[in-house]
Amino acid sequence: MTSQKASRMQRKGAKEILRVGQKALAYRKDLLTNDQKQRLDQANQKLLGVMRSKPVLSDPLEEGAKEVDQALQESGGLYYHKKSVVENIEMLLVAAIVVIGIRSFFIQPFIIPTNSMFPSFSGMQPNIYEDNSEVPNFLERSLDKILLGAAHYKLKAESSGDLYLKLQNGGSFRFARANFPNGRFFIFPTTVREYVFEIGGKEHLLRVPAEFDLDELLARKFAGIENLRDLPMVVTQDHGFSGIRLKLSDQPVREGELALAFDILLGDALFVDRMSYNFVTPKSGDPLVFRTGSIDEFNRKVGTPVRTLIGEDKYYIKRLIGEPGDTLEMRVPESIFTNGTDVRKGVPGVLYRNGEPITGNFAFEQNRKRTESLAKDPDALNPFGFPGYRAESLLSNRSVLQVPDRDSPNNPTGKKGFFAMGDNSTDSLDGRAWGFVPEDEIIGRALLVYYPFTRRWGFTN
């Protein structure tokens with residue numbers, strides 16, 4: 001009977017076993033006996049000859065593959081059979097090397113936790129549900145999780161009564177450690193903010209990410225204001241509680257009701273371009289990502305009169321304002337002090353670089369226009385959401401700041417300095433407080449927002 005042509009699946013299987021046979025012979029020939037080497041080599045050559053014949057017939061191909069299989073079982077060692085362990089380990093190691101190489105030299109992922117760069121970039125944002133009927137169901141929450149990275153939080157009343165927020169050591173929350181299943185990636189312990197509410201004399205705990213400011217959400221939800229600290233303190237004389245608490249609602253909450261429900265939307269996840277700054281210098285206007293590990297030490301050596309020490313090694317993203325050798329100054333319009341502008345979040349000013357209003361980026365232009373509009377009308381509309389730069393600390397009104405260059409006087413470090421600020425300077429701890437960024441802490445330029453899928457998705461500015 002004439003043998004049929006080998007199927008595509010048979011040819012593919014024979015090709016794979018021949019590859020393993022050749023690999024085992026090449027890597028183990030110094031460990032094999034002459035007889036083992038000869039049998040494996042002959043089996044490999046026989047199968048190779050069958051595969052090169054025209055046409056490739058089924059029976060000879062199957063016979064040749066079996067001979068290689070038998071030789072490998074005698075002398076293949078870890079190379080045979082190994083698909084489920086060795087090859088997977090090899091694949092993971094290669095993938096890890098590739099990922100580490102890409103992250104180290106080309107692009108690096110970074111998630112923005114705070115809103116210091118809003119509206120250019122967004123940190124974690126709340127979405128408050130004013131009415132219990134608006135709270136999404138499981139399917140809607142799952143969709144929001146996929147598209148927006150939204151995490152759902154709720155405070156369900158386990159008793160009936162007035163809703164209070166207990167103050168702890170003078171603050172609205174305390175830091176706590178969250179473990180499985182509330183840790184990072186469900187597994188790793190992480191730090192969270194823990195708020196303690198009281199309803200009908202019973203404590204209710206609510207935990208949110210450490211970087212998320214629940215105070216503003218509570219102020220907006222229950223009082224229609226921006227700052228929780230503007231609420232009056234309530235000193236209660238209840239026998240079951242000693243201390244100070246805030247009464248959040250005039251309407252009692254019934255057992256089983258949701259006293260509070262909201263989503264926290266994930267901050268922008270972006271890729272950082274780590275390569276470009278190997279060839280070009282950072283420029284004013286760049287969205288700059290850097291580490292903070294040696295910032296305090298650098299500013300101590302150059303004599304910067306900082307107000308705040310960072311005290312930790314973290315990744316920050318800010319807008320590059322001043323390059324080495326630049327002079328910076330904040331000028332506050334005189335009318336700001338007399339026209340009723342709200343200055344509780346800082347005094348709005350126009351930022352000058354080298355004697356001229358800073359230019360070269362949309363955020364620079366919009367922050368300047370916002371300050372100028374506030375100088376004319378404190379109730380002016382703000383279509384793009386930039387708050388105007390604030391004059392404080394190292395950039396207080398009319399104070400001139402010199403960015404250190406490598407050869408600047410009083411700079412013994414031999415390093416260039418850079419000055420960075422948040423686009424949302426009313427809510428940004430930045431160079432005004434802690435000084436300059438040394439050149440060797442700069443990681444790269446924010447390149448692309450890849451998640452979540454909002455209007456900011458795409459290349460950055």
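Assuming charge only on the beta carbon of Lys and Arg (+1) and of Asp and Glu (-1), the dipole of region 284-370 about its Cα centre is about 240 debye to the nearest 20. The aspartates and glutamates within cross-link reach of LYS12, meaning a Cα-to-Cα straight distance under 17 Å and a gap of 8 or more places when in the same chain, are ASP59, GLU62, GLU63, GLU67, ASP69.
Charges at C-beta only: +1 for Lys and Arg, -1 for Asp and Glu. How large is the resulting dipole of the chain about its Cα centre, in Debye rounded to 20? If you can, show how the numbers build up before the last one.
Numbers: 61 positive and 59 negative charges, 357 e Å.
Its charge dipole is roughly 1720 debye.
Which FRET efficiency value, to the nearest 0.05, is calculated for ASP59 and LYS145 with the Förster distance at 51 angstrom and r the Cβ-Cβ distance? Mind showing how you got there, number by number?
Working: r = 55 Å, r/R0 = 1.08.
Efficiency, from the Cβ-Cβ distance: 0.40.
All Cα-Cα distances of region 269-459, cut into 10 Å bins from zero to the largest, leave 9, 36, 35, 17, 3 percent in each bin in turn. The gain in end-to-end length when the PHE188 to THR327 segment is fully stretched comes to 45.6 nm, 0.36 nm per residue minus the alpha carbon separation.
Leaving out same-chain residues fewer than 8 places away, which lysines sit with a Cα under 19 Å from that of LYS37? Partners found: LYS23, LYS29, LYS46, LYS66. The angle between the Cα long axis of helix 138-148 and the longest principal axis of the Cα atoms of the chain comes to about 90 degrees, rounded to the nearest 10. Here ARG177 and VAL280 are evaluated by their C-beta separation; at R0 = 30 Å the FRET efficiency comes out at 0.10. Can you give the log10 of the normalised intensity I(q)/I(0) at q = 0.12, 0.17, 0.24 Å⁻¹, computed with Debye over equal Cα scatterers of region 275-328? Log-scaled intensity ratios, in q order: -0.33, -0.68, -1.21.
Taken along its three principal axes, the alpha carbon spread of region 88-145 comes to 53, 33, 11 Å, from the longest extent down to the shortest.
Database remark: amide H of GLY444 closer than 5 angstrom to the amide H of VAL289 (H placed geometrically; neighbours at sequence offset of 5 or more, or on other chains; Pro and chain starts carry no H).
Dividing the mean sequence gap of close Cα pairs (under 8 Å, 6+ apart) by how many residues region 89-205 holds gives a relative contact order of 16 percent.
Summarising the label geometry, the points placed 7 Å from Cα in the beta-carbon direction at PHE384 and ARG456 lie 1.5 nm from one another.
Distance from the C-alpha centroid of region 272-296 to that of region 9-62: 54 Å, rounded to the whole angstrom.
Please give the contour-minus-distance gain from LYS156 to SER373: 0.36 nm per residue of separation, less the Cα-Cα distance, rounded to one decimal in nm. If you can, show how the numbers build up before the last one.
Working: separation 217, 0.36 × 217 = 78.12 nm, distance 4.37 nm.
Taking 0.36 nm per residue and subtracting the Cα distance, the gain is 73.7 nm.
Summarising the overall dimensions of region 307-353 from its C-alpha atoms, the Rg and Dmax are 15.0, 42 angstrom. Relative to the longest principal Cα axis of the chain, at what angle does helix 8-28 sit, 0 to 90 degrees, rounded to 10? Tilt relative to the chain: about 90 degrees.
Using a simple spin-label model with pseudo-atoms 7 Å out from Cα toward Cβ, SER335 and LYS23 lie 7.5 nm apart. Projecting the Cα atoms of GLY388, LEU61, SER284 onto the charge dipole of the chain (Cβ charges, centred on the Cα centre) puts LEU61 farthest toward the positive pole. With a Förster radius of 51 Å applied to the beta-carbon distance between LYS5 and SER133, the computed FRET efficiency rounds to 0.15.
Quick one: dipole size for region 269-459, taken about the Cα centre, charges +1 on Lys/Arg Cβ and -1 on Asp/Glu Cβ, in debye to the nearest 20.
Values: 26 positive and 25 negative charges, 41 e Å.
Here region 269-459 has a charge dipole of around 200 debye.
Using alpha carbons only, how many degrees (0 to 90, rounded to 10) separate the axis of helix 88-105 from the longest principal axis of the chain? So the inclination is approximately 40 degrees. Taking every DSSP helix (H) stretch of at least 4 residues in the chain, weighting each as -39,500 (n - 2.57) and dividing the sum by the residue count yields a mean residue ellipticity at 222 nm of -8500 deg cm²/dmol.
Each reported figure results from applying straightforward, stated rules to the coordinates on display, with no laboratory input. Here the structure is a predicted model, which is why all the values come from computation and not from measurement. All Cβ positions, even for glycine, are placed from backbone atoms using ideal geometry, and neighbour counts span all protein chains on display.
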